[in-house]
Amino acid sequence: MSCPVPAPALKDLPRVAGDLKSELEGFKPTNLKNADTQEKIVLPSAEDVAQERTHNALIAGVENFKSSSLKRTDTREKIVLPNAQDVAAEKTEKALIAGIEHFDQSKLKHTETQEKNPLPNKDVVLQEKNHLNLLNGVEHFDKTTMKHTTTAEKIVLPDNQGMLRPVAVNWIGAVVHFTVSSVIEQEKGQRQLISGIENFDSSKLKHAETCEKNPLPTKEIIDQEKSA
């Protein structure tokens, strides 16, 4: 027989929080607002309809497939024999693997490794010193030791007198001279050459036939080549 379960005492029942109890007791249904429920049904697009039709047609084709429409086919298994090159390559690979696996380390000779660290010669040391001095001079250069210099640029147009005139003054004050008449003559010759090329009349050319000659070597050349 099963023993009857005694009813729980009032103190053992679950209790509701005081604030929640007061809200439940003071709740009025009249405070609720009326809301209209709108049921929305989204129709499928043309792509969804076409995709579903394709899927249904595929499933119907699989379900209603008739195996009696299949034709009998004999399977032929072909085994291609390797040619001479494949056989030779496989033999070489097997021989190489066998040589590595059965390699006799006792045949190796003892070798001592000598590590050499040659010191630089006198020229290399001197070159390194000059390079370091140059870098040190550039890094620690004192700009206050520089003197202000005004650069005067002179451009003299050439004339027909053939005199020596200065054409430019560089930053250290050196004057460069040249004969002006030679410059004029050189520029005239260059312009005439360019004009002759641009205005060249190809109709003045004469027809010429090219004869290709391939002379055979003489006896002396053959004897000289044999002796060499």
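The values are calculated or read from the model by the stated rules, or taken from the named source; none is laboratory data. Quick caveat, the model's predicted, so the values are computed rather than measured. All Cβ positions, even for glycine, are placed from backbone atoms using ideal geometry, and neighbour counts span all protein chains on display. Note: areas computed on protein heavy atoms with side chains; ligands, DNA, RNA excluded. Shrake-Rupley method; radii C 1.70, N 1.55, O 1.52, S 1.80 Å.
Worth a mention:
- Cα-derived Rg to Rh of the stretch 1-129, Kirkwood definition: 1.49
- Length gained on full extension, THR218 to PHE65, computed as 0.36 nm times the residue gap minus the Cα-Cα distance: 46.0 nm.
- Accessible area in square angstrom per residue, the stretch 1-118, 1.4 angstrom probe: 114
- For the stretch 1-101, the list of GluC sites (Glu not before Pro) that fall in a loop by DSSP and count at most 13 other C-beta atoms within 10 angstrom reads GLU39, GLU77.
- Gain upon complete extension [ASP104, THR54; 0.36 nm per residue less C-alpha separation]: 11.0 nm
- Tensor-based shape of the stretch 52-91 (alpha-carbon gyration tensor, a/c under 1.5 rounded, otherwise prolate or oblate): oblate
- Accessible carbon and sulfur surface of the stretch 1-122 relative to its total accessible area, %, 1.4 Å: 56
- When you filter the trypsin sites (Lys or Arg not before Pro) in the stretch 1-68 for DSSP loop state and at most 13 other Cβ atoms inside 10 Å of their Cβ, you are left with ARG15, LYS33, LYS40, LYS66.
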